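Presented below is the structure to which this report refers.
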Amino acid sequence: MTQKFDVVVIGGGPGGYVAAIRAAQLGLKTACIEKYKGKDGKTALGGTCLNVGCIPSKALLDSSWKFHEAQEGFKVHGIEVADVKIDVPAMIERKAGIVRNLNTGVAGLFKANGVTLLEGHGKLLAGKKVEITAQDGGVEVVEADHVIIASGSAPIDIPPARADHDVIVDSTGALEFQSVPKRLGVIGAGVIGLELGSVWGRLGAEVTVLEAQDKFLSAVDDQIAKEALKIFTKQGLQIRLGARVTGSEVKNGEVTVFFTDANGEQQQTFDKLIVAVGRRPVTQNVLAADSGVSLDERGYIFVDDQCATSAPGVYAIGDVVRGPMLAHKASEEGVMVAERIAGHKAQINYDLIPSVIYTHPEIAWVGKTEQQLKAEGVAVNVGTFPFAASGRAMAANDTHGMVKVIADAKTDRVLGVHVIGPAAAELVQQGAIGMEFGTSAEDLGMMVFSHPTLSEALHEAALAVNGHAIHIANRKKR
Ligand code: FAD
Ligand code: AMP
């Protein structure tokens, strides 16, 4: 007999598994289909984020940062450590252990909430039927009142540098190196390229990042991006802007990359090459021709602001739809859709999705950049506070970067918070909370912040918007 569910979710990443859990919490009979297998051959929930994305990359960023600190950062504190070594396989195994723990955690949450896991490849048929093909080829069809597609994204492969998964790897391969490459090339100075370049650079690789665009981090506030380029270059990352990769050749275990830049044709040879030029939505073999779900012109599943597709009762969330490819955006869409299916009112504030680049210093932002606001003709007041003037940052010997608060010149409402520096991700979240409640720079300035904290830099930047900063000379006095 055909199994019938209130909700069937295709994909168990942070979009899909969160949607499934929330739907089940709301009393809906829910199933989630997942095809991904971990190294042990068992179905592993959590998607890109948990298995080959956010979590493993942060595990390696944290390990490599500790190594870097032991080698370079301890001295200044008067701590001498002789002969610091890195055991790369042990570092990679620690990361794998965290992933396994979290896989088990999500499976446990499915059990606790009564979500049925259907193992295999899901495909949406007409009439909200979903076909599931198991690894052994067995096919089952289930019916649903509502379907949520959360099939996520995959790395983009570019013809000039196709991954051979040995010398030329994608982000997944770059999380698995068993030794530190001497010369590491990275194509793409985006979030993933910079994070993975940082991991291996801290462990001793000579890292060259080739970026086609002339502008560094074009989505980031110009002032912050400029500061980032300065700091990363000082750290030893060679960032070559305006460098478009046109070809590559793998020979004798190394790869020569051909690219053009302002000086003409160039080439450089590496021991490993990471291709990090972006990700594409996964829609192949997910939708039957008569499913009624259409794609947009860029190949994403077309959805409205509430993630409804062109087929009634079918929703799509996360990386497979428009918007930033971020785990928290996927999860919040999952919650919104589950709640709407259950008859609740729910909406995401797409204007306030924070972004983070987990380099050191971290870069994080929420709201609009100064250049965006200028282009929109919005008059703004800007306050900045450098970590070099923060007692807490000095105590930690971590004084690079700044907090920047941008407020509407007429209303003082905060329109953007941008941070490069220690704990930037956490600081920006405070800005996001304030902005969700319509905070003004004055409101943030009137709040009491604990001393000594890095958060005081946010307080001071907010005060600086109106020329009231205490611990730095104000650009304008009021
Ligand atoms: P995914 O996580 O891609 O999950 C989709 C799931 O669906 C997968 O498990 C897949 O196997 C399954 N699936 C696909 N098709 C089918 C099918 N037909 N049948 C059954 N199952 C199917 N984001 C952040 O917010 N913060 C970070 O720090 C961060 N770091 C990242 C680092 C790296 C190296 C990478 C690659 C990504 C990172 N991201 C980060 C992005 C983040 O991982 C994604 O935005 C997020 O995973 C998207 O969630 P999703 O549920 O939409 O899709
Ligand atoms: P993101 O989309 O944030 O993951 O960043 C990917 C980066 O890769 C973008 O900044 C692109 O400009 C860059 N990129 C894409 N194709 C190439 C190429 N052929 N050579 C160099 N950089 C590229």
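As a test, work out the antiparallel percent of DSSP beta bridges whose residues both lie in the chain, rounded to the nearest 5.
Values: 53 of 86 bridges.
About 60 percent, rounded to the nearest 5.
Which of rounded, prolate, oblate describes the range 1-122, given a ≥ b ≥ c as roots of the alpha-carbon gyration tensor eigenvalues and a/c under 1.5 marking rounded, otherwise prolate only if a/b is larger than b/c? Judged from the Cα gyration tensor, the range 1-122 comes out prolate (a/c at least 1.5, a/b above b/c). Sorting the Cα pairs of the range 353-465 by distance into bins of 5 Å, from 0 upward, gives 2, 14, 25, 26, 19, 10, 3, 1, 0 percent per bin. On a per residue basis, the convex hull of the C-alpha atoms belonging to the range 284-433 measures out at 151 Å³. For the chain, the Kirkwood hydrodynamic radius comes to 24.1 Å, computed from all pairs of different C-alpha atoms.
Assigning unit charges at the beta carbon (Lys, Arg +1; Asp, Glu -1) and nothing else, what dipole magnitude in debye, to the nearest 20, does the chain show about its Cα centre? Numbers along the way, then the final one.
Working: 47 positive and 55 negative charges, 74 e Å.
Here the chain has a charge dipole of around 360 debye.
Here the simple spin-label model places points 7 Å from the Cα toward Cβ, and for Arg162 and Met394 these points are separated by 5.8 nm. Ordered by the count of other Cβ atoms within 10 Å of each Cβ, fewest first, Arg279, Arg240 give Arg240, Arg279.
Along the range 5-10 the Karplus relation, 6.51 cos²θ - 1.76 cosθ + 1.60 evaluated at θ = phi - 60°, assigns HN-Hα couplings of 10, 5, 9, 10, 10, 9 Hz to successive residues, with x for each Gly and Pro. Which Cα, out of His165, Gly105, Val186, lies furthest along the positive dipole direction of the chain (beta carbon charges, K/R +1, D/E -1)? The residue sitting most towards the positive pole is Gly105. Partners of Lys182 within straight-line reach, counting lysines whose Cα lies under 27 Å from its Cα and excluding those fewer than 8 residues away in the same chain: Lys58, Lys66, Lys75, Lys85, Lys95, Lys230, Lys234, Lys251, Lys272.
A straight chain from Glu297 to His471 at 0.36 nm per residue would run longer than the Cα-Cα distance by 57.6 nm.
The Rg/Rh ratio for the range 70-207, using Cα coordinates for both the radius of gyration and the Kirkwood hydrodynamic radius, is 1.11.
Helices from the chain with mean Kyte-Doolittle at least -1.0 and a Cα length along the axis of 24 Å or more, per DSSP H: which? Could you put the intermediate results ahead of the total?
Numbers: long enough: 88-113 (38 Å, 0.26).
For the chain, where a helix must reach 24 Å along its axis and average at least -1.0, the hits are 88-113.
None of the figures in this text is laboratory data; all of them are computed from the coordinates on show. Note that the structure is predicted; figures quoted are calculated from it, not measured. Glycine also receives a Cβ, built like all others from the backbone with ideal geometry; neighbour counts cover every protein chain displayed.
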